[in-house]
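The values are calculated or read from the model by the stated rules, or taken from the named source; none is laboratory data. Here the structure is a predicted model, which is why all the values come from computation and not from measurement. Virtual Cβ from ideal backbone geometry, glycine too; neighbours counted across all protein chains shown.
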Amino acid sequence: MPRSKAERPITLTFRSNQPRSSAHSSWFREERSHRQRIIFKRAKYISAISKLSDRQRQILNLLMEGKPNKIVADILGIGHRTVKSHR
């Protein structure tokens, strides 16, 4: 008589220490390379932002919030073309 699911013994399978497939290691190398590129870009942006003046950083923050040039200009009391030149 067949056993029900509840009565069947539990079998555990463990991963062997066999080397992974070349497709997996290729994916891993690509992923690591991608992450390194992101870290490099992030460091480059941080370096560029640190060179901005306080006013330029104010403009950048407002633009990053999604505010249009004219609104940023009104908030800061400058011309919208000045904002546009700081983009």
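S26 falls short of the stated requirement of being modelled with pLDDT under 90 and surrounded by fewer than 10 Cβ atoms within 10 Å (Cβ to Cβ). Scanning the range 61-79 for residues that are farther than 25 Å from I46 by Cβ and outside any helix (DSSP H, G or I) gives P68, G77, I78, G79.
Before we move on, is G79 on the phi > 0 side of the Ramachandran plot and at pLDDT 85 or above?
So G79 fails the test.
Every listed requirement among (1) surrounded by 10 or more Cβ atoms within 10 Å (Cβ to Cβ); (2) at pLDDT below 90; (3) not small (G, A, S) is met by R87 save one, (1).
When R55, R32, R37 are checked against the criterion of being assigned to a helix (DSSP H, G or I) and either of a type in the set (F, W, Y) or surrounded by 11 or more Cβ atoms within 10 Å (Cβ to Cβ) (or both), a single residue qualifies: R55. Checking each residue in the range 65-84 for being surrounded by 15 or more Cβ atoms within 10 Å (Cβ to Cβ) and in contact (Cβ under 8 Å) with a residue 12 or more places away in the chain picks out N69, V72, V83.
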